[in-house]
Amino acid sequence: MNALPAESIDVIRQPINKATIRLAGDSGDGMQLAGERFTAASAIMGNEVATLSNFPAEIRAPLGTLAGVSGFQVTFGVGRVHTIADEADTLLAMNPAALRKNIPCLKKGGILIVDEDTFTADDLSKAGYAENPLNTAALKDYQLFPVPMTKITRESLKKTELLKKEKEIDRCRNFFALGLACWLYQRDLKTTLQWLDRKFSRHPEVAGANKIALQSGWNYGESTGVFPVIFVLEGAAAGREPGFYRRVTGNEAAALGLVSAAAKAGLPLYFGGYPITPASEIMQELSKLAWPDVFTFQAEDEIAAVGAAVGAAYGGALAATATSGPGFVLKTEFINLAVMVELPLVVIDVQRAGPSTGLPTKTEQSDLLAALWGRSGDSPLVVMAAQSPKDCFDVVVEAARVAVKYMTPVVVLSDNYLSTGTEIWRIPELDDLPEITISRELKGKDKFLPYERNPETLARPWVVPGTAGKGHRVGGLEKDLTGMISDDPKNHQKMTRLRAEKINNVTKEIGPLTVHGDPAGKLLLIGWGSTYGIIRQVVEKLHKTGMPVACTHLRYLHPLPEDLGDLIRRFPDVLVPENNMGQLWLKLRAEFAKEYIRNLNVVEGRPFTEREIEDAIIDRLKEK
Amino acid sequence: MEQNTAQPPCSRKDYLGAIDPKWCPGCGAFPVLSGVTAAFAALEIPKEKIAVVSGIGCSSRFPYYLDTFGLHTIHGRPATVAMGLKTTRPDLSVWVVSGDGDSLSIGGNHFLHTMRRNPDINYLLFNNQIYGLTKGQASPTSAAGTISKTSVYGSIDMPVQPLSLALTAGATFAARVLDSDLTTMKEVFKQAERHRGISFVEILFNCVTFADGALEAVADKKKRSDNTVMLKAGEPIIFGRESDKGIRMKGTTPEVVTLGQNGISAADLLVHDPADFNLAFLLSRLHYPAAPLPLGIFRQVAQPTYNERLIEQKRRGAPKPGEDALGKLLRGPDFWEEKTG
Ligand SMILES: Cc1ncc(C[n+]2csc(CCOP(=O)(O)OP(=O)(O)O)c2C)c(N)n1
Ligand code: SF4
């Protein structure tokens, strides 16, 4: 259906190797969907992608208002794309509110496409515009293209009679916009057309109408001659290893990681959850599986969710729970029980801006200290963080592996940015995953003791109910080797030490740190979690221009990698960028006592921009 | 995690743990330990197949005194743990042990949801109408006016009726027993274990240290026959030392009547039917001294259990034999293949 651009119209084909487009509209306009399809088309064409979706906390804020604006930004390119770009090259705004809210994200001189039909007095005033910006000089810094999207979509669909109501027809506007965006960046329509057929197989009229809208968008670009330039991605594509690929969001990857880890370990999977943004998709993905050995439980609250997981772990299942800040703190007491009885448990915290309800749909990295230290008593456990959407898979598998080997809860920190962000992922086979070794009873002992530890890991054996002759009692009270209650002070000291030592042993599982940029440089950036892409991108860029800067990224936040201390001592200056007020920074200062470890903090509910990191690096290097 | 089944133990003592219970001498929890182990022995449940999950409280120390599998969890939430355990391990006989504070105060939410899901769990609520472990504060089942360390001028909260709550939440088996009546305890525990679904048993037990005598009017052997009524399925509700009293309906309200007076005969009385929800609920509202306190099994109905409903879903949704379900899941609907590097 989509031919090459018509020869008759003079349009300049401008080669590029990377671009960023932002699609914004009312939350009911389907811009997330349009963005996802744009991303899918790019991924299948061999491009690397990174996405950011920005949707309102209220699912249906009043139509046309600033609160109801939903946006989707995708950076796509032929080389490596570590992260989304700060500013978009093109902004597509479906109404005045979307324009107003998103215009700061468009770079100066960028392409601005708006649905001019929505710039009515009513919608303008809802967006807080006193005057129509399309008629003033307000947008003079951009290449403005007002397009009658509503009108054309209505016209092209009315004659087909596929959809009866105007309201239904208007719902196809996002596909018009998508078609136009695809033309502008020469994205293949084939994948989207196939997707529509699949998605609406039961409603062929909806599939048909959207296909027409999509094609009209493409045709508008191609045949009107309004746009002087189209963009063609050129350059050597980053060679992909042969194999099967897909796009994956962080939450999908986490759910798939749990299922895969359980399959690899040969254990049933039990997941207890309670709905909360932005973690719910993990439970929703798992709920789709009515497999005999996958159990998903929507509990009455977060406490019950983790309690049920502890029960399943006691019975011998790979047990997990996922939540976000407010739910994470509710789980604390049960996590402490799992620390005390020493049962394996994976706890995923998809962080959002806090404290309390905070900004439920905005990203932040501010639960680190809660994960590390936010429990009563001396309560050590393993904390890891995912660095990209697809990394959520690997980290969850790693968490499960460590949990059953060391008989401990493992907290996995993800965040809102990763949870909805998409990335291209090479689909692994079960054989590609690391071996999972379960902590078993020691051989050659004549008496079974539930807290007798494996001398190498210090893990206790996982002996489950149903095992004849091995009945025992465990609980949250301090105990001795037999599991029976002990209030002997010396025993408590010993057990407290052992629990800590066991977790410290997990350092043996951590591979050497990778350093990007200048390994003999003057400034080291240390990051964790979702800041990986942006930090690495900026550091590599500045290093190429000759700046003595390097970065490393932590997957394990507790215990810390053994080589981190040496690395820190090799650099005269260390900067820790975080989307919190300095939580890893505090931990690094506490562990390594170096005053030159400085922090860089942004808590605006969004990831860092390139500019923020770049400026900070230049500043620090200047100071030296 | 090998699981093999040894010979079932044959005597009640085989189920007892190695250490002596650390309850106050005379605590009503002792006879319950006898009742529970007697039921285990009568049913010949293999020891390793029993998992007792408790909360926090005097009563929740229970698992430590058994030679079965036991998990002493956190305050108020043993039912959640039992839920995950029973779902993944339907082969086990799972028993929740929880106090009145544990279940009805801090764990009230879990109590409600556990009842409505109907998991095949035996739920023993140890009700002593006081907080024992924390040394004597009013509990959600303390009678109005109870004087305690935290209700110095008398409790002004209305007490919760555990059975009413369990029934309205959907309990498919609900019973009440007294610590002083070992025979009934053993029988009811056996019935609870046999019942498929949630089996809720309220055990009225005496805290000699902080609420001594709270149960005297109903538990004392001499007063019991006049002040309590033992429910028997299919039989008219009759009580009293002379078996001369009964309960009949007057409009929508039950009333206590004397047989032979005003021409009242057994035919006028309510007949106990554990399948009748309304009757069970109505009986759960009766309390001494306004009426005799009903004991025994209030409700017992067969309904699909949580696991049965789950298995039914899994039967329909399970991957076909030989299907690479995991591979298909990982690939999702939108995958593609890259052939060359
Ligand atoms: C989260 C939490 N809050 C409070 C306590 C203190 N606590 C322990 S047991 C208990 C109440 C015990 O009463 P009940 O459940 O009726 O059991 P009993 O001791 O009477 O058998 C309380 C408040 C605790 N252990 N944990
Ligand atoms: S305090 Fe009461 S409930 Fe606790 S052990 Fe003593 S008598 Fe029993």
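The values are calculated or read from the model by the stated rules, or taken from the named source; none is laboratory data. Only a predicted model underlies this, so the values are computations on that prediction, with no experimental measurement involved. Heads up, the Cβs are rebuilt from the backbone with ideal geometry, glycines too, and the neighbour counts pull from every protein chain shown.
Of the conditions (1) in contact with a Pro (Cβ under 7 Å, 6 or more places away or on another chain); (2) in contact (Cβ under 8 Å) with a residue 12 or more places away in the chain, B:A318 clears all except one; give me its number.
Exception for B:A318: condition (2).
Tell me, yes or no, whether the range B:136-159 has at least one residue that is surrounded by 16 or more Cβ atoms within 10 Å (Cβ to Cβ), more than 15 Å from ligand 1 (Cβ to nearest atom), among the hydrophobic types (A, V, I, L, M, F, W, C) and not in a loop (DSSP other than H, G, I, E, B).
No, the conditions are met nowhere in the range B:136-159.
Yes/no per residue for (1) assigned by TED's automatic domain parsing to the domain that holds A:E342; (2) at pLDDT 95 or above; (3) in a loop (DSSP other than H, G, I, E, B); (4) not hydroxyl-bearing (S, T, Y):
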site	(1), (2), (3), (4)
A:P465	no, yes, yes, yes
A:L477	no, yes, yes, yes
A:L481	no, no, yes, yes
A:H492	no, yes, no, yes
A:R497	no, yes, no, yes
A:I503	no, yes, no, yes
A:V506	no, yes, no, yes
A:G511	no, yes, yes, yes
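Looking for something away from every other protein chain (no Cβ under 11 Å), under 24 Å from B:Q313 (Cβ atoms) and in contact with a strand residue (DSSP E or B) (Cβ under 8 Å, 6 or more places away or on another chain) - is there at least one such residue anywhere in the range A:239-252?
yes
What pairs come up if the first residue lies in the range B:22-42 and is on the phi > 0 side of the Ramachandran plot, the second is at pLDDT 95 or above and within 16 Å of ligand 1 (Cβ to nearest atom), and their beta carbons are under 8 Å apart, counting only those six or more places apart or on different chains?
Here the result reads B:G26/B:N206; B:G26/B:V208, each pair linking the range B:22-42 to a residue that is at pLDDT 95 or above and within 16 Å of ligand 1 (Cβ to nearest atom).
Count, please, the residues in the range B:292-315 that happen to be buried (at least 18 other Cβ atoms within 10 Å of the Cβ), among the hydrophobic types (A, V, I, L, M, F, W, C) and touching a Pro at 6+ places or on another chain (Cβ under 9 Å).
Result for the range B:292-315: 2.
So which residues in the range A:16-40 are among the aliphatic types (A, V, I, L, M) and in a loop (DSSP other than H, G, I, E, B), if there are any at all?
We begin by selecting, within the range A:16-40, every residue among the aliphatic types (A, V, I, L, M); these are A:16, A:19, A:21, A:23-24, A:31, A:33-34, A:40.
Those that are among the aliphatic types (A, V, I, L, M) and in a loop (DSSP other than H, G, I, E, B): none in the range A:16-40.
Which is in a helix (DSSP H, G or I), away from chain A (no Cβ under 12 Å), among the aromatic types (F, W, Y) and in contact (Cβ under 8 Å) with a residue 60 or more places away in the chain, of B:F298, B:F281?
B:F281
In the range A:516-536, is there at least one residue being in a strand (DSSP E or B), more than 26 Å from the chain's Cα centre (by Cα) and assigned by TED's automatic domain parsing to the domain that holds A:E614?
Within the range A:516-536, one or more residues are in a strand (DSSP E or B), more than 26 Å from the chain's Cα centre (by Cα) and assigned by TED's automatic domain parsing to the domain that holds A:E614.
Just to be sure, is B:T141 free of Cβ contacts under 8 Å to residues at least 60 places away in the same chain and within 16 Å of ligand 2 (Cβ to nearest atom)?
yes
Give the range B:13-31 a look and list any residue that's assigned to a loop (DSSP other than H, G, I, E, B) and within 16 Å of ligand 2 (Cβ to nearest atom), or say none. Give the steps one after another, and end with the answer.
Within the range B:13-31, the first condition is being assigned to a loop (DSSP other than H, G, I, E, B), and the residues that meet it are B:17-28.
Once the filter is applied, which keeps residues that are assigned to a loop (DSSP other than H, G, I, E, B) and within 16 Å of ligand 2 (Cβ to nearest atom), the range B:13-31 yields B:I19, B:D20, B:P21, B:K22, B:W23, B:C24, B:P25, B:G26, B:C27, B:G28.
Does B:D220 count as more than 16 Å from ligand 2 (Cβ to nearest atom), at pLDDT 95 or above and surrounded by fewer than 16 Cβ atoms within 10 Å (Cβ to Cβ)?
Values: more than 16 Å from ligand 2 (Cβ to nearest atom): yes; at pLDDT 95 or above: no; surrounded by fewer than 16 Cβ atoms within 10 Å (Cβ to Cβ): yes.
Here the answer is no, as B:D220 does not meet what is asked.
For B:G76, indicate whether it is part of a loop (DSSP other than H, G, I, E, B), within 16 Å of ligand 2 (Cβ to nearest atom) and surrounded by 24 or more Cβ atoms within 10 Å (Cβ to Cβ).
no
Select, from B:L133, B:L71, B:L124, B:L104, the only residue that is within 13 Å of ligand 1 (Cβ to nearest atom) and part of a strand (DSSP E or B).
Residue meeting the stated conditions: B:L124.
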